[in-house]
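The values are calculated or read from the model by the stated rules, or taken from the named source; none is laboratory data. Please read these numbers as outputs of a predicted model, since none were measured by experiment. Cβ placement follows ideal geometry from the backbone for every residue including glycine, while neighbour counts extend to all protein chains displayed.
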Amino acid sequence: MRFFLLALTLIATALLGGCTSSYPPPDPATYKALVAPYRLDSGDRLRVVVFGQADLTNSYTIDQAGMISMPLVGTVAARGRTTQEIEADIATKLRGGYVRNPDVSVEVDRYRPFFIMGEVTSAGQYPYVTGMTVQTAVAIAGGFTPRAQKSDVDVTRQVNGKVMTVRLLPTQPVYPGDTLNVRERLF
């Protein structure tokens, strides 16, 4: 009887151990990059509003060099920066002899697209939507094919000038410019 109870306990422990998530969490540096504020890059379009200055208020697209070009201010570096950093930079340049007390607001008007490939119905380039997750990106691409690995997706993105690939769960965020690869399952 003791052998039976011991065997039953071992089997129950093994089964309950299988219920825990076997997906390894990302290392701290990768997680920090995943939750960091959005950094702008080429292809993003910014809406710059200089209150009280209608001639300076406009939409500007970040060019391949990572710059926007504004009247009076000239070129402003945008690649790798947040909208708040660009606001401060534009206000400082305008204060240098053009506008006494500039009130500047910068927001992303249109994000650069994301790309999805692999085991989805319609692989390709799609417009980014704010708050997008892996699951919504797959839905935009027409859903998984029958052979798709659905539990996680490989995502390649550029972080601090370095290209990295991480494996993300369906509920984790996708950023503009990301390339998603839905792998084929083994069985």
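Structure above, values below:
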{"quantity": "Filter result (free of Cβ contacts under 8 Å to residues at least 24 places away in the same chain and touching a strand residue (DSSP E or B) at 6+ places or on another chain (Cβ under 6 Å)) within the range 84-102", "calculated": "GLU87, ASP89, ALA91"}
{"quantity": "Output for the range 57-69, where each listed residue is buried (at least 17 other Cβ atoms within 10 Å of the Cβ) and either among the hydroxyl-bearing types (Ser, Thr, Tyr) or in contact with a Phe, Trp or Tyr (Cβ under 9 Å, 6 or more places away or on another chain) (or both)", "calculated": "TYR60, ILE68"}
{"quantity": "From the options ARG183, ARG110, residue that is in contact with a Gly (Cβ under 9 Å, 6 or more places away or on another chain) and within 29 Å of SER59 (Cα to Cα)", "calculated": "ARG110"}
{"quantity": "Filtered residue count, the range 117-130, keeping only those that are within 24 Å of ARG45 (Cα to Cα) and in contact (Cβ under 8 Å) with a residue 24 or more places away in the chain", "calculated": "1"}
{"quantity": "Qualifying residues in the range 109-136 (those that are polar (S, T, N, Q) and part of a loop (DSSP other than H, G, I, E, B)) - the one farthest from ARG185 (Cα to Cα)", "calculated": "THR130"}
{"quantity": "Single residue of the range 82-107 satisfying the filter (buried (at least 17 other Cβ atoms within 10 Å of the Cβ) and either outside the structural domain of LEU56 (by TED's automatic domain parsing) or in a loop (DSSP other than H, G, I, E, B) (or both)) that is farthest from the chain's Cα centre (by Cα)", "calculated": "VAL99"}
{"quantity": "Among residues of the range 157-174, those that are within 21 Å of GLU184 (Cα to Cα) and either outside any strand (DSSP E or B) or of a type in the set (Lys, Arg) (or both), counted", "calculated": "7"}
{"quantity": "Top-ranked residue in the range 113-127 [being under 22 Å from SER59 (Cα atoms) and touching a helix residue (DSSP H, G or I) at 6+ places or on another chain (Cβ under 9 Å); ranked as surrounded by the fewest Cβ atoms within 10 Å (Cβ to Cβ)]", "calculated": "PRO127"}
{"quantity": "Residues (within 21 Å of GLY177 (Cβ to Cβ) and of a type in the set (S, T, N, Q)) located in the range 52-91", "calculated": "SER59, THR61, GLN64, THR82, THR83, GLN84"}
{"quantity": "Qualifying residue in the range 137-156 (condition: under 26 Å from ILE62 (Cβ atoms), assigned to a strand (DSSP E or B) and not assigned by TED's automatic domain parsing to the domain that holds GLY66)", "calculated": "yes"}
